[in-house]
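What follows is one structure encoded as structure tokens, with my remarks underneath.
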Amino acid sequence: MSQYDVVVLGGGPAGLSAALNVRARNQSVLVVSNPLEENPLWKSHLVDNHVGMGNQSGAQMLQTMADHAKANGVAFMDGKALTTMAVGNGFFVSVGSDVVEAAAIVLATGVARSKKFAGEETFIGKGVSYCATCDAFAYRGKTVAVVGYTPSAQHEAEFLEQVGCTVHYFNKPKTCVLAGETTLQTITCDDVTIPVDGAFILRPTMAPTDLFPELALDGGYVAVNRNMETNLNGVFAAGDCTGGPLQVSKAVGEGLVAGQKAAVYANKIKQIKE
């Protein structure tokens with residue numbers, strides 16, 4: 001299991017700014033994120049409201065930020081954080097089938113753009129999964145649905161087929177409903193109903209409150225103070241997940257503060273352990 005002083009969840013402007021500022025304080029940091037191409041900013045043809053970085057596409061801006069972070073020793077892991085667990089003075093974070101440990105976490109997950117489907121919460125662990133590579137073998141020889149909202153979702157569907165699943169793929173459905181008795185038995189997406197043994201729901205990110213159920217919100221966004229501290233010790237947040245304005249400049253500034261404060265917090269935890 002890999003250990004870092006800080007783990008940043010999200011590789012957009014807020015997350016990259018936070019990670020860079022953790023490294024500026026000589027702390028180790030890992031950014032967990034989907035590929036840059038899946039970030040909403042990547043699709044922007046022109047971003048002209050960030051001082052000093054005008055007249056660039058979103059792709060150019062993100063790539064420049066990521067290259068800057070890598071050049072300063074920021075580590076990266078492609079994937080999606082599925083669960084977190086507070087243990088002692090730190091956290092365990094599961095990313096796919098991997099687990100990483102950190103003293104502090106920065107949430108830079110952006111805006112959760114989709115709510116849970118009807119019935120989804122009921123069948124978590126009873127047929128609903130969020131990671132094909134983690135849980136595929138439990139469904140070998142069975143029928144599953146893949147509800148995909150990212151380019152990588154199709155690859156996860158192909159992996160499920162390779163291990164012997166019968167896969168029904170739903171590409172970005174507007175609505176889904178999950179039903180069953182004690183376990184998941186059927187899924188209906190955009191008025192198409194199929195019997196299934198499991199459903200893999202592959203969204204770009206997990207909502208912050210899925211990762212930290214006790215996280216305080218304000219108007220649906222993560223509540224933070226001026227130090228970008230949440231109500232949970234060791235958990236900081238920055239960027240769109242903390243509310244508007246949903247702008248790159250705001251995200252970068254909040255990321256700077258969150259990264260600085262997370263690095264200070266992580267250093268205190270190390271001193272306690274020593």
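The values are calculated or read from the model by the stated rules, or taken from the named source; none is laboratory data. Being a predicted model, the structure only gives us computed values, none of them experimental. No Cβ is skipped: glycine too gets one built from the backbone with ideal geometry, and neighbour counts run over all protein chains shown.
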Practice task
For segment 8-18, indicate whether the set of residues that are surrounded by 22 or more Cβ atoms within 10 Å (Cβ to Cβ), within 21 Å of the chain's Cα centre (by Cα) and over 21 Å from M206 (Cα atoms) is non-empty.
Solution key: no
Handout entry: Of residues in segment 130-179 being assigned to a loop (DSSP other than H, G, I, E, B) and among the charged types (D, E, K, R), the one nearest to D98 (Cα to Cα)
Key = R140
Exercise for the section: Please state which one of T182, T205 is under 30 Å from K43 (Cα atoms) and assigned to a loop (DSSP other than H, G, I, E, B). Expected result: T205
Exercise for the section: Restricting attention to segment 130-152, report how many residues are within 30 Å of A223 (Cβ to Cβ) and out of contact with any Pro (no Cβ under 7 Å at 6 or more places or on another chain). Expected result: 2
Exercise for the section: With the condition kept exactly as written, say whether any residue in segment 93-115 is within 30 Å of V248 (Cα to Cα), buried (at least 16 other Cβ atoms within 10 Å of the Cβ), of a type in the set (D, E, K, R) and at pLDDT below 95. Expected result: no
Completion exercise
Restricted to segment 22-59 and to residues being modelled with pLDDT of 95 or more and out of contact with any Leu (no Cβ under 9 Å at 6 or more places or on another chain), the residue nearest to G96 (Cα to Cα) is L30
Exercise for the section: Inspect segment 158-169 for any residue being crowded, with 21+ Cβ neighbours inside 10 Å and either of a type in the set (F, W, Y) or not assigned by TED's automatic domain parsing to the domain that holds F91 (or both) and give the result as yes or no. Expected result: yes
Practice task
Can you run down the residue pairs with Cβ atoms below 8 Å, 6 or more apart or on separate chains, where the first is in segment 109-124 and over 17 Å from Y149 (Cβ atoms) and the partner is in a loop (DSSP other than H, G, I, E, B)?
Solution key: F123/T183
